[in-house]
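The values are calculated or read from the model by the stated rules, or taken from the named source; none is laboratory data. Everything numeric here is computed off the predicted structure, so don't read it as measured data. No Cβ is skipped: glycine too gets one built from the backbone with ideal geometry, and neighbour counts run over all protein chains shown.
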Amino acid sequence: MDRANLVVELKELRDLILEERRAARDLAVEDMLVLTEQKEQVLKQILPLVDTVEALTPEEREMAEAVYSENLRNAYFFWSALSWVRESVGFIGDQISCRSYGESGAMSKFRQSGALLSGRV
């Protein structure tokens, strides 16, 4: 690929990032895996063409900034989704913990975390 197609490749990468966000929002894991592979292929084509950011034309730089911005939005989305999952797992773990009385008569909680809830799957 030559430098003339760089803007087209950057637009394709931006579109893939947007599709990835939609797939994540819809919990379409299979689609996300396919999109991740497609993004890797596009990146492999783009990276050899650009040595530094300063080497980009204004149009290329504008598209690269759009790619960066959308990718950053995905990162925030994935981070908040991960936090939600962790919070949900913690809530579920609290609900399934066993409560009993110890030797001193004080109530104790015993967590019986399975492999799925502990993350050791």
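Only residues that are among the polar types (S, T, N, Q) and part of a helix (DSSP H, G or I) were counted in region 32-65, giving 4. Taken over region 74-94, the criterion of being closer than 18 Å to THR36 by Cβ and at pLDDT below 85 is satisfied by ALA81, LEU82. Could you tell me whether region 66-83 includes any residue that is of a type outside the set (Gly, Ala, Ser), outside any helix (DSSP H, G or I) and exposed (fewer than 13 other Cβ atoms within 10 Å of the Cβ)? Checked region 66-83: no residue is of a type outside the set (Gly, Ala, Ser), outside any helix (DSSP H, G or I) and exposed (fewer than 13 other Cβ atoms within 10 Å of the Cβ).
Applying the condition of being not in a helix (DSSP H, G or I) and not acidic (Asp, Glu) to region 1-31 and asking which residue is farthest from the chain's Cα centre (by Cα) yields MET1.
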